[in-house]
Amino acid sequence: MSLNAPLLRASLEIVVARQPEITPRFYEILFERYPQVKPLFGRNSSANQARMLQDAIVAVVDHVEDAEWLTTTLHAMGRKHVDYGVTEAMYAYVGDALLATLAEHAGEAWTPDVATAWTDAYTAISSLMIAGSRTA
Ligand code: HEM
C-alpha cells in the first residue's frame, strides 16, 4: 500500500486525542446521511463501537508499511462484515462520514495533503475489505 504514513501518523493524533467526541459524531453523521445502515448496528454496546473505529484506524496506521499484515487482516475483516449485513456500496457511506468527521474535528489541520492521505488510506483499506468480502 503506498500511503503517506508519516502524515497519517501525525494526523492520527487528532483521532486518538478526541476519540470521545469523534466517535459519537461519526455515527451521528453516518446515520443522518445514510439512515439505511442504522439497523445493522446495535449488537454491540456503543463503547464497543467506539473502540471499533479507533482500534481499526490505529492498527492500520501502525501496519501501513506491512502489506502482508494488511492483506490478511483486512480480507478477514471484510468477510466478517458480510455477516453484519454490510454491502459494497456501504463502504462509500462510511468513508464519507469518517472523512467528514475528521475534517470537522481537525479544523485548520485538515490541509489538502492530510485530506488526500486519509482519502487514499480509506480507499486502500476498503478495497482490501471488499476483496475479502468477495471470498466470503
Ligand atoms: C475501513 C472500513 C471499516 C473498518 C476498518 C471497520 C472496522 C470494524 C471493526 C474493527 C469492527 C468490530 C468487529 C470486527 O472486528 O469485525 C466492525 C464492526 C462493524 N462494522 Fe465495520 N468497519 C469498516 C467498514 C464498515 C462499513 C462500510 C459498514 C457498513 C455500514 C460497517 C458496519 C459494521 C457493523 C454493523 C459492525 C458490527 C457492529 C455491531 O455489532 O453493532 N463497517 N467494523
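Which condition number in (1) at pLDDT 80 or above; (2) part of a helix (DSSP H, G or I) is the one that Val64 fails?
Val64 satisfies every listed condition except (2).
Give the residue that is modelled with the lowest pLDDT, with candidates limited to residues of the stretch 20-57 that are of a type in the set (Lys, Arg) and assigned to a helix (DSSP H, G or I). Reasoning before the result, please.
From the stretch 20-57, those of a type in the set (Lys, Arg) are 25, 33, 38, 43, 51; that's our starting set.
With the extra rule that they be assigned to a helix (DSSP H, G or I), the set shrinks to 25, 33, 38, 51.
On the way: Arg25: 89, Arg33: 98, Lys38: 92, Arg51: 70.
Ranking the candidates gives Arg51 first.
Is the stretch 109-119 home to any residue that is among the small types (Gly, Ala, Ser), free of Cβ contacts under 8 Å to residues at least 60 places away in the same chain and surrounded by 13 or more Cβ atoms within 10 Å (Cβ to Cβ)?
Pass one, the stretch 109-119, residues among the small types (Gly, Ala, Ser): 109, 115, 117.
Restricting the remaining residues to those that are free of Cβ contacts under 8 Å to residues at least 60 places away in the same chain gives 115.
So of that shortlist, the ones also surrounded by 13 or more Cβ atoms within 10 Å (Cβ to Cβ) come out as 115.
Within the stretch 109-119 (the criterion being among the small types (Gly, Ala, Ser), free of Cβ contacts under 8 Å to residues at least 60 places away in the same chain and surrounded by 13 or more Cβ atoms within 10 Å (Cβ to Cβ)), the answer is yes, since at least one residue qualifies.
Report yes if Val58 is farther than 21 Å from Leu8 by Cβ and either within 8 Å of the ligand (Cβ to nearest atom) or aliphatic (A, V, I, L, M) (or both), otherwise no.
Numbers: farther than 21 Å from Leu8 by Cβ: no; either within 8 Å of the ligand (Cβ to nearest atom) or aliphatic (A, V, I, L, M) (or both): yes.
In short, no.
Would you mind stating whether Ala106 is of a type in the set (A, V, I, L, M), open to solvent by less than 40 Å² (accessible area, probe 1.4 Å), farther than 25 Å from Gly42 by Cβ and part of a helix (DSSP H, G or I)?
On the way: of a type in the set (A, V, I, L, M): yes; open to solvent by less than 40 Å² (accessible area, probe 1.4 Å): yes; farther than 25 Å from Gly42 by Cβ: yes; part of a helix (DSSP H, G or I): yes.
Yes: the conditions hold for Ala106.
Tally the residues that are under 27 Å from Arg33 (Cα atoms), open to solvent by less than 70 Å² (accessible area, probe 1.4 Å) and in a helix (DSSP H, G or I), restricting the search to the stretch 76-91.
Residues flagged as under 27 Å from Arg33 (Cα atoms), open to solvent by less than 70 Å² (accessible area, probe 1.4 Å) and in a helix (DSSP H, G or I) within the stretch 76-91 amount to 6.
Looking at this structure, is Ala97 buried (at least 17 other Cβ atoms within 10 Å of the Cβ) and closer than 18 Å to Tyr27 by Cβ?
Details: buried (at least 17 other Cβ atoms within 10 Å of the Cβ): yes; closer than 18 Å to Tyr27 by Cβ: yes.
When the stated conditions are applied, Ala97 passes them.
Restricting to the stretch 18-38, what's the tally of residues that are aliphatic (A, V, I, L, M) and either without any contact (Cβ under 8 Å) to a residue 60 or more places away in the chain or open to solvent by 10 Å² or more (accessible area, probe 1.4 Å) (or both)?
1
Residues of the stretch 126-136 being in contact with a Phe, Trp or Tyr (Cβ under 9 Å, 6 or more places away or on another chain) and either closer than 19 Å to Pro6 by Cβ or β-branched (Val, Ile, Thr) (or both), which ones?
Scanning the stretch 126-136 gives a single hit, Ile130.
The values are calculated or read from the model by the stated rules, or taken from the named source; none is laboratory data. Everything numeric here is computed off the predicted structure, so don't read it as measured data. Glycine also receives a Cβ, built like all others from the backbone with ideal geometry; neighbour counts cover every protein chain displayed. Note: accessible area is taken over every heavy atom of the protein model, side chains too, but ligands, DNA and RNA are not part of it. Shrake-Rupley method; radii C 1.70, N 1.55, O 1.52, S 1.80 Å.
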